[in-house]
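What follows is one structure encoded as structure tokens, with my remarks underneath.
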Amino acid sequence: MFSAFLQIVMIQFVLPITFIVMLWKEKKTSQSEWLIQLLATIMIVSWTFQTGRWDWIGYYLRYLLIIMLFIGVFLSWKKIKKLPFHIKFTQKQKTSAGIHVFLIVVFGFNNVAALIGNFTQQQAIELTFPLKDGTYYVGHGGSHTQLNYHNAYEPQQFALDIVKLNKLGTRTTGFYPKELDKYAIYGEPLYSPCDGEVLESRSNLPDWTPPDKDAEHPEGNYVALACDNTNSIVYIAHMQQDSVKVEEGDRVKVADPIGWVGNSGNTSEPHLHIHAEKDGIGIPITFNEAFLVRNNLVK
């Protein structure tokens with residue numbers, strides 16, 4: 001999976017940094033030429049900041065990207081501040097401006113979509129966060145596919161995929177290790193997010209070695225809870241083999257232990273998957289009244 005890691009590095013780090021350097025280094029003949037390139041650069045940096053999977057290369061590097069943008073803007077402005085606002089563009093400059101306008105439109109649309117994904121107008125159910133004692137990162141979450149691929153599937157449209165960050169701000173030791181214990185979240189205790197009744201549970205499926213997965217049992221080992229006073233079912237999936245502590249018909253209270261995070265089912269690596277359904281349709285969930293989206297942290 002080194003290719004996936006390399007792709008993320010190229011898109012989230014190399015691409016925006018290249019545009020920042022170009023903004024600073026390329027010779028300009030007018031402020032308008034600089035302004036068009038500046039807007040394109042801001043759109044690209046903003047998009048990668050919002051939608052990038054920063055748990056792969058270091059969560060805190062996303063803030064370094066913003067610092068570099070400010071430095072690039074400052075240094076480039078010093079070079080062009082005495083230029084005229086506009087002069088007639090050469091054909092080469094027209095082509096360059098056209099490309100940058102196209103990037104402004106495309107990445108501007110994607111930025112708006114990502115911003116919309118931070119909110120939902122639907123009524124959410126309030127749950128207690130099912131993990132403790134760590135820094136947890138939302139890899140997928142939100143109300144738009146820019147932030148949450150689950151949003152394309154109605155029953156799971158507000159699902160969350162959550163990993164744990166280590167001291168370096170990454171989800172694992174190494175790029176994409178096969179050893180499950182190198183994933184910071186693997187084996188983390190899971191706790192009931194609500195008072196309710198266990199409707200279903202399973203615990204006998206194996207944990208797979210990344211990137212192998214079990215497409216025939218998408219949820220893997222899991223617990224389905226009928227949470228009191230919500231008329232909804234909450235699913236907690238991909239749990240560790242033989243770790244599930246509850247069975248159908250059991251009553252649970254908030255913070256009761258229910259099992260451990262594993263890597264069973266149709267999953268590419270260890271993580272917590274949680275979503276809520278009402279009549280087969282996904283509904284939003286909140287923790288401490290917060291609607292979590294990609295790149296949010298829970299501590």
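Counting protein heavy atoms only, segment 13-60 has 74 percent of its accessible area on carbon and sulfur, 1.4 angstrom probe.
With the alpha-carbon atoms of the chain aligned to their principal axes, the span from lowest to highest coordinate is 76, 40, 32 Å, starting with the largest.
Working out 0.36 nm times the residue gap between Ile66 and Lys94, then minus their Cα-Cα distance, what length gain in nm do you get to one decimal?
Once the chain is fully extended between Ile66 and Lys94, it gains 7.2 nm.
Considering only lysines 8 or more places apart in sequence, or on different chains, count the pairs in segment 154-264 whose C-alpha atoms sit under 26 Å apart. Lysine pair count for segment 154-264: 12. When N counts the residues of segment 139-251, how does its alpha-carbon radius of gyration compare numerically with 2.2 N^0.38 Å, as a ratio? Normalised by 2.2 N^0.38 Å, the Cα Rg of segment 139-251 equals 1.15. What whole-number distance in Å separates the alpha-carbon centres of segment 16-90 and segment 99-132? Each part's Cα centre sits 22 Å from the other's.
Taking 17 Å as the straight-line reach from the Cα of Lys92, the aspartates and glutamates in range (excluding those fewer than 8 positions away in the same chain) are Glu26, Glu33. Taking Lys and Arg as +1 and Asp and Glu as -1, the other residues whose beta-carbon sits under 14 Å from that of Glu277 total -3. The alpha-carbon of Lys88 sits under 17 angstrom from the alpha-carbons of these lysines, leaving out residues fewer than 8 places away in its chain: Lys27, Lys28. If you take the charge dipole of the chain about its Cα centre, with +1 on Lys and Arg Cβ and -1 on Asp and Glu Cβ, which of Thr41, Ser201, Ala159 is farthest toward its positive end? Of the listed residues, the answer is Thr41. Expressed as an acute angle from 0 to 90° and rounded to the nearest 10, what is the orientation of the C-alpha long axis of helix 91-116 relative to the principal long axis of the chain? Once rounded, the angle reads 30 degrees.
One Cα centroid belongs to segment 255-299, the other to segment 194-223; the line between them spans 13 Å. Under 12 Å Cα-Cα from Lys299, which aspartates and glutamates qualify once same-chain neighbours fewer than 8 residues away are excluded? Within the straight-line limit of under 12 Å, Lys299 reaches these aspartates and glutamates: Asp133. Output the 0 to 90 degree angle, nearest 10, between the alpha-carbon long axis of helix 61-80 and the longest principal axis computed from the alpha carbons of the chain. For helix 61-80, the angle is close to 10 degrees. For the chain, give the share of DSSP beta bridges that are antiparallel, in percent and rounded to the nearest 5; count only bridges with both residues there. The answer is about 95 percent antiparallel. Nearest 10 degrees is fine. How inclined is helix 15-25 to the longest principal axis of the chain, computing both from alpha carbons? The two axes meet at around 20 degrees. Along the axis of the charge dipole computed for the chain (Cβ charges of +1 for Lys and Arg, -1 for Asp and Glu, origin at the Cα centre), the listed residues Tyr60, Tyr176, Gly265 are led at the positive end by Tyr60. Here segment 188-269 yields Rg over Rh of 0.99, to two decimals, using C-alpha coordinates and the Kirkwood radius. The alpha-carbon atoms of segment 40-170 define a convex hull whose volume equals 154 cubic angstrom per residue.
Extending 7 Å from the Cα toward the beta-carbon at both Phe175 and Asn204 defines two label points whose distance is 3.9 nm.
Would you mind working out the accessible area per residue for segment 180-266, using a 1.4 Å probe, and quoting it in Å²?
Ligands and nucleic acids excluded, the figure is 46 Å² per residue.
The values are calculated or read from the model by the stated rules, or taken from the named source; none is laboratory data. Being a predicted model, the structure only gives us computed values, none of them experimental. Using ideal geometry, Cβ is built from the backbone for each residue, glycine included, and neighbour counts are taken over all protein chains shown. For the accessible areas, the whole protein counts, side chains as well, though only heavy atoms, and no ligand, DNA or RNA atoms are used. Shrake-Rupley method; radii C 1.70, N 1.55, O 1.52, S 1.80 Å.
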